[in-house]
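Here is the structure we will look at.
The values are calculated or read from the model by the stated rules, or taken from the named source; none is laboratory data. Because the structure is predicted, anything quoted here is derived from the model rather than measured. Positions of Cβ are backbone-derived with ideal geometry, glycine not excepted, and every protein chain shown enters the neighbour counts. Quick note on the areas: whole protein, heavy atoms, side chains included, nothing else; ligands and nucleic acids left out. Shrake-Rupley method; radii C 1.70, N 1.55, O 1.52, S 1.80 Å.
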Amino acid sequence: VDDAIVVLENIQRHMEMGKNRVRAAYDAVTEIGVTVMSITLVIVVVFLPISLTNEIVSQILRQFCVVVMIATSLSLLASFTIVPLLSSRMGKLEHMTGKNLFEKFIMWFERQLDSFTHWMSSLLKWCLKHWAITLLVCTVLLFSSFALVGMGFIGGEFIPNGDRGQFIVALELPKDASLQQTNQATMKAEAFLAKQPEVITMITTVGQASADNFGGANQTPAYESEINVTLVPEDKRKEASDIYASRIKKVLAAQLTGVKVKTMDVSILGSAQAAPIQLDVLGADLDSAMAFAKVALAELKKLDGTTEAKLSVEEGTPEIDVHMDRDKMSALGLTLDVVGATMQTAFNGTADDSKMKFRQGAYDYNINLRYGAFNRRNINDVSNIAFVNNKGQIVRLSQFATVEEGSGPSQLERRDKSSSVSVKSQVIGRPSGTVTQEFAAKLLTLRRPIGVTYIFAGDQENQGDSFKTLGVALLISIVLVYLIMVALYDSYIYPLVVMFSLPMAIIGALLALALTNNTLNIFTILGMIMLIGLVAKNAIILVDFTNQSKEEGHSTYDALIYANHARLRPILMTTIAMVFGMLPIALSKGGVSAIENGLAWVVIGGLISSMFLTLIVVPVIYSLADRAMKRFGLGHPEKKKQILEQMNAEFVPKNS
């Protein structure tokens, strides 16, 4: 509604000059047209860079950006057509006399607004005389707001953790536990959760006992189970879902002997929350990477706010190791590829890549060849695997290999062609970015084995990529805003004056984040990018009106005071409209609303600080720039006027 407010306020001002409503509508739109177009294009180009990239953050925010750009463009069209049309037909001046309560309130509010306007004009006069003190105070405020981030008052994360009222209880029994044992332990956990007044529903998944008929592995082993718990709404319980889940975990761990209990909060996007902290340790071999990962895990557990810290690779998984004697194998007429293929077929089967099919009617079935369950139960079955050598003779595995029982990692991970182990942890009560920074500082003090490196992954990797993308979008937006204003103003100096309003918004935005305990994430940074267009609007209105006053013959000082006095009302109106529009979003509670809370507080804080500081700083910078332009003759309107008059004189014939 900003465009409509600015146009309508200007029409009202022209009607107060004594013009009829048709003439007032025409003159007002003619006078303010370039300004309204500027503030609209500024908002559009701010969102354009984000919508054009293909990074993960753009995929999340693109729809939002496109909606804002289209809606703002249409609001410009409406403010140039519908608003003047309706004003020229129905606009009228009303003179309040205080005959009823509503008019008395309006007259009281008008007196307060006039007092505030005169106070702002007096403050501006003082700041124009003491410009050095004014700029020093604003600079101190700006760097103090940055210090809020450096001192830890404002944390950082990729996406804010909302309270969806859901969490997952994961149970893990010893690896030799049967499906029945897992089910019994899960039923005990269900019985305990069912007694809790905060729990509404539960959905339980218990692992399967074995692989399917065609050799495919199951997602959940027989010794693991998961219970997806749904809680009552946030306003009907005393604790957030992650805090409640942590407390439930401690109680269940004490009741279920020999069972590992883990809890995972359901993320704001509706899936089980991945570990916000993830460190990938890379090494030339698994042993060296595992050794450093264990040391890093011990340090991670010491940090406040971490929970469920673990390694992605678990040791102690039973396995059978086969050590082949290459010389014996060659002497017996066997090759390594024949041995490997035969062992794979014996225990895993051929279903994955088999071309053999059994057709019955319209259906095809894979034919899977492998040993029966009786022949693949223990180490002796492995030792007795039969191979056919190049002479057609039967050879047993025990004749050329040593077969023994052992233990090893639960899985083998690789990243960038190196062995990899991930150190993971959930976070409760603190921003994940803050904990990650502390963890990174701890890692620098640890001694790493030769050839071992580490990379932060997960949320930290996404956060780094997203912040980089948004940072580039922010810079591109600032450049586009400047270039648009250069084209509209036909000047390189006045757009720079407008750009000084941007730091003033950062002061309020960061202060609002600190006071409301929000973090720097992709949505709050998007709010700061939004502020570029929103706060530049105030400065554009101010500078535009100052330039018009100077063209009418006023001095720079008088033009600045007059512009501040005359344009305070529309600036105040648009700011209040945006602040009140954002308040419901900022104050809303619930799972998904946590995404927009920070964005709304950034916009509210930035608008309020920029409204007050822009009305002071921009005129001060304008005054200093005007003096410099007069001194050096750079793009000053009077200089341009002299050049245009000289050019016209040269092209006009002397006898005309």
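One table, with the values for the structure above:
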quantity: Residues of segment 167-186 satisfying the condition of being modelled with pLDDT of 85 or more and either acidic (Asp, Glu) or in contact with an Asp or Glu (Cβ under 8 Å, 6 or more places away or on another chain) (or both); calculated: Phe167, Ile168, Val169, Ala170, Leu171, Glu172, Leu173, Thr182
quantity: Output for segment 154-207, where each listed residue is part of a strand (DSSP E or B) and either among the polar types (S, T, N, Q) or touching a Lys or Arg at 6+ places or on another chain (Cβ under 6 Å) (or both); calculated: Gln166, Ala170, Glu172, Thr201, Thr204, Thr205
quantity: Residues (in contact (Cβ under 8 Å) with a residue 40 or more places away in the chain and not aliphatic (A, V, I, L, M)) located in segment 555-564; calculated: Thr556, Tyr557, Asn564
quantity: Matching residues in segment 68-108 - criterion: being β-branched (Val, Ile, Thr) and more than 18 Å from the chain's Cα centre (by Cα); calculated: Ile70, Thr72, Thr81, Ile82, Val83, Thr97, Ile106
quantity: Unmet criterion (only one of (1) closer than 18 Å to Ala505 by Cα; (2) touching a helix residue (DSSP H, G or I) at 6+ places or on another chain (Cβ under 6 Å)) for Ala577; calculated: (2)
quantity: Residue match in segment 10-28 (condition: within 19 Å of Ala577 (Cα to Cα) and surrounded by 20 or more Cβ atoms within 10 Å (Cβ to Cβ)); calculated: yes
quantity: Residues of segment 73-120 satisfying the condition of being in contact (Cβ under 8 Å) with a residue 12 or more places away in the chain, farther than 17 Å from Pro570 by Cβ and among the polar types (S, T, N, Q); calculated: Ser73, Ser88
quantity: Residue match in segment 438-445 (condition: in contact with a strand residue (DSSP E or B) (Cβ under 9 Å, 6 or more places away or on another chain) and among the acidic types (Asp, Glu)); calculated: no
quantity: Test: residue in segment 297-314 that is over 21 Å from Gly433 (Cβ atoms), open to solvent by 70 Å² or more (accessible area, probe 1.4 Å) and not in a helix (DSSP H, G or I); calculated: no
quantity: Enumerated strands (runs of 3 or more DSSP E) restricted to segment 397-475, each holding at least 3 residues that are surrounded by 15 or more Cβ atoms within 10 Å (Cβ to Cβ) and touching a helix residue (DSSP H, G or I) at 6+ places or on another chain (Cβ under 7 Å); calculated: 418-427
quantity: Residue in segment 490-501 that is touching a strand residue (DSSP E or B) at 6+ places or on another chain (Cβ under 9 Å), open to solvent by less than 10 Å² (accessible area, probe 1.4 Å) and either under 22 Å from Leu141 (Cα atoms) or at pLDDT 85 or above (or both) present; calculated: no
quantity: Test: residue in segment 197-216 that is in contact with a Gly (Cβ under 9 Å, 6 or more places away or on another chain), more than 30 Å from Ser593 (Cβ to Cβ) and modelled with pLDDT under 85; calculated: yes
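Residue-by-condition table, conditions (1) free of Cβ contacts under 8 Å to residues at least 40 places away in the same chain; (2) part of a helix (DSSP H, G or I); (3) small (Gly, Ala, Ser):
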| position | (1), (2), (3) |
| --- | --- |
| Leu542 | no, yes, no |
| Gly553 | yes, no, yes |
| Ala566 | no, yes, yes |
| Phe580 | yes, yes, no |
| Pro584 | yes, yes, no |
| Trp601 | no, yes, no |
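Yes/no matrix, rows are residues, columns are (1) charged (D, E, K, R); (2) farther than 30 Å from Phe456 by Cβ; (3) surrounded by 12 or more Cβ atoms within 10 Å (Cβ to Cβ):
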site: Ser87; (1), (2), (3): no, yes, yes
site: Met90; (1), (2), (3): no, yes, no
site: Leu93; (1), (2), (3): no, yes, no
site: Phe105; (1), (2), (3): no, yes, yes
site: Lys125; (1), (2), (3): yes, yes, yes
site: Leu135; (1), (2), (3): no, yes, yes
site: Ser145; (1), (2), (3): no, no, yes
site: Val149; (1), (2), (3): no, no, yes
site: Val199; (1), (2), (3): no, yes, yes
